[in-house]
1. Name the pairs: first residue in segment 117-144 and farther than 16 Å from Gly32 by Cα and among the small types (Gly, Ala, Ser), second residue surrounded by fewer than 14 Cβ atoms within 10 Å (Cβ to Cβ) and at pLDDT 95 or above, Cβ to Cβ under 9 Å, at least 6 apart or on different chains?
2. Return the only residue of Ala79, Ala69, Ala91 being loosely packed, with under 13 Cβ neighbours inside 10 Å and among the aliphatic types (A, V, I, L, M).
3. Might you let me know whether segment 172-186 holds any residue that is touching a residue at least 40 places away in the same chain (Cβ under 8 Å), on the phi < 0 side of the Ramachandran plot and over 14 Å from the mean Cα position of the chain (by Cα)?
4. Could you tell me which residue of segment 58-86 is farthest from Met115 (Cα to Cα), considering only residues that are in a helix (DSSP H, G or I) and either of a type in the set (Phe, Trp, Tyr) or modelled with pLDDT under 95 (or both)?
5. Anything in segment 40-59 that is surrounded by fewer than 16 Cβ atoms within 10 Å (Cβ to Cβ) and under 19 Å from Pro75 (Cβ atoms)? List them, or say none.
6. Restricting the first residue to segment 27-49 and requiring it to be farther than 18 Å from Pro169 by Cα and assigned to a helix (DSSP H, G or I), which pairs with a second residue that is of a type in the set (Phe, Trp, Tyr) and at pLDDT below 95 meet a Cβ separation below 9 Å and a spacing of at least six or different chains?
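The values are calculated or read from the model by the stated rules, or taken from the named source; none is laboratory data. Note that this is a predicted model, so its numbers are computed, not measured. Heads up, the Cβs are rebuilt from the backbone with ideal geometry, glycines too, and the neighbour counts pull from every protein chain shown.
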Amino acid sequence: MKKTSSKKAPEKRCTWAANDPLMAAYHDEEWGRPEHDSRALWEKLVLDGFQAGLSWITILRKRDAFRKAFQGFDPEKIARYGAKDVKRLLADPGIIRSRAKIEATIGNAKAYLAMQEEGIDFSDFLWDLAGGKPKRNTWKSTSQVPAQTPASVKMSAALKERGFKFAGPVIVYAWMQAVGMVNDHLTTCPWRDT
């Protein structure tokens with residue numbers, strides 16, 4: 001019997017990422033991999049907030065433009081944004097031009113920095129809430145994957161208590177999946193164990 005290659009078969013990846021090359025690359029290279037860098041976690045939370053009401057592929061296609069428009073998602077720079085910056089961002093066709101989401105990003109940068117000033121590491125704070133290690137689920141179908149969980153409700157409440165906006169339980173759960181706090185790769189997905 002011929003031994004199969006250890007290379008992951010693209011046709012077996014999670015179904016949500018199967019039909020678009022950009023989504024497939026995101027799934028294969030980023031989604032569900034544990035992220036512990038505080039600034040990267042914050043950037044991904046902001047992007048998930050921008051996704052609210054939209055599809056992830058929309059955000060993924062605009063991610064480079066977001067990074068440019070928001071100066072590399074540097075919280076210190078964004079926290080100083082004023083009316084002129086909001087106007088500039090609202091005129092930028094490369095990003096989602098939602099005043100509420102732009103203003104939330106500025107507020108979230110301030111909340112992030114306030115935590116730093118208190119000596120609270122963003123990554124440690126959130127990973128502690130998540131139990132310190134990825135939760136591994138055993139979903140066989142995307143229809144089994146919940147939109148939110150008690151853990152995302154708890155984390156959302158903790159973020160909101162610290163002043164974060166666009167951090168509801170559904171957004172937070174999508175973010176927890178993206179940053180690897182939750183391993184929601186389907187049981188049939190070859191990337192489940194990466």
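1. none
2. Answer to the check: Ala91.
3. For segment 172-186, residues touching a residue at least 40 places away in the same chain (Cβ under 8 Å), on the phi < 0 side of the Ramachandran plot and over 14 Å from the mean Cα position of the chain (by Cα): present.
4. Ranking the qualifying residues of segment 58-86, first place goes to Phe66.
5. Listed by number, the list holds a single entry, Ala40.
6. Matching pairs, first to second residue: His27/Trp16; His27/Trp191; Asp28/Trp191.
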